[in-house]
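Chemist: Here it is, the structure, as structure tokens.
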Amino acid sequence: MQIDILTVVPELLESPFSHSIMKRAREKGLLVVNTHNLRKWAINKHGQVDDYQYGGGAGMVMMCEPIANAIDELQKERKYDEIIYMTPDGKNFNQGTANQLSLKENILIICGHYKGIDQRIRDQYVTMEISIGDFVLSGGELAAAIVVDAIGRLLPGVLNDETSALFDSFQDNLLAPPVYTRPEIWRNIKVPDILLSGDPKKIEDWRYDQALNRTQTKRPDLWEKHENS
Ligand code: ADE
């Protein structure tokens, strides 16, 4: 999968894909992430990509021309399955969307800044608008990094244990069960006996029970979805 990211702050996207699982995904060639500095398509030699908003009001708006030119040029190289705009007024991102996006070949993500991008770009080019939650970030970059991470780890071959993503929280609208590691007794607190029983069926049932209990108590909203799915 290839993910292109259009941004005015490419530096913000250097570290998130250079470590741990995302690094491995890239090294294995399973995930290609390219950041493109929007200023390359600026309208003048001052690097201008934004302007005041019509109708007045505080905050700058990212202009149509640089973004359109950038997308047109990138589209000459490949056809995008989705052109995503990161915005707090987009659709709330969740595991279901991550799963869907992980099946795509080429994705372009546009990171907004300031007051966001001119509505005409949203109307003409954008095929999907994603919010990572009901709060406002100073730009779409960190949100894009989260989306790419959530997608990237789902690509076949990225995780060591191929099946492990299936048992993540939110697959099946359930939270993941608690986990323990050595030592067996820490500050007088013992690991649940069942996990030491060596009985895979009992352990699986226990984990499922715990996932149900956790979801019911911690996330009644998710529990309702699980019950109805
Ligand atoms: N840009 C600014 N805030 C955002 C959010 N909550 N989600 C996605 N992109 C954003």
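Chemist: Just name the residue that is surrounded by the most Cβ atoms within 10 Å (Cβ to Cβ) out of those in region 61-100 that are under 20 Å from Gly152 (Cα atoms) and among the small types (Gly, Ala, Ser).
Modeler: Ala98
Chemist: Considering (1) within 30 Å of Lys28 (Cα to Cα); (2) within 16 Å of the ligand (Cβ to nearest atom); (3) assigned to a helix (DSSP H, G or I); (4) not charged (D, E, K, R), say which one Ile121 fails and leave the rest.
Modeler: Only one criterion is unmet by Ile121, namely (1).
Chemist: Okay, next question. If I filter region 139-185 down to residues being of a type in the set (Val, Ile, Thr) and over 19 Å from the mean Cα position of the chain (by Cα), which single residue comes out as least open to solvent (accessible area, probe 1.4 Å)?
Modeler: Checking each candidate, the answer is Thr163.
Chemist: Out of (1) assigned to a loop (DSSP other than H, G, I, E, B); (2) open to solvent by 70 Å² or more (accessible area, probe 1.4 Å); (3) at pLDDT 95 or above, the odd one out for Ala58 is which?
Modeler: (3)
Chemist: Can you name every residue in region 139-165 that is part of a loop (DSSP other than H, G, I, E, B) and either more than 13 Å from the ligand (Cβ to nearest atom) or at pLDDT below 95 (or both)?
Modeler: Passing the criteria: Arg153, Leu154, Leu155, Pro156, Gly157, Val158, Leu159, Asn160, Asp161, Glu162, Thr163.
Chemist: Considering only region 70-81, I want to know if a residue exists there that is at pLDDT 95 or above, in a strand (DSSP E or B) and of a type outside the set (A, V, I, L, M, F, W, C).
Modeler: no
Chemist: Another question about this same structure. For region 26-42, give me the residue count where each residue is over 15 Å from the mean Cα position of the chain (by Cα) and in contact (Cβ under 8 Å) with a residue 40 or more places away in the chain.
Modeler: 2
The values are calculated or read from the model by the stated rules, or taken from the named source; none is laboratory data. Owing to the predicted nature of the structure, the values given are computational and were not obtained by experimental measurement. No Cβ is skipped: glycine too gets one built from the backbone with ideal geometry, and neighbour counts run over all protein chains shown. The protein model used for the area step is the full one, side chains on, heavy atoms only, and it has no ligands, DNA or RNA in it. Shrake-Rupley method; radii C 1.70, N 1.55, O 1.52, S 1.80 Å.
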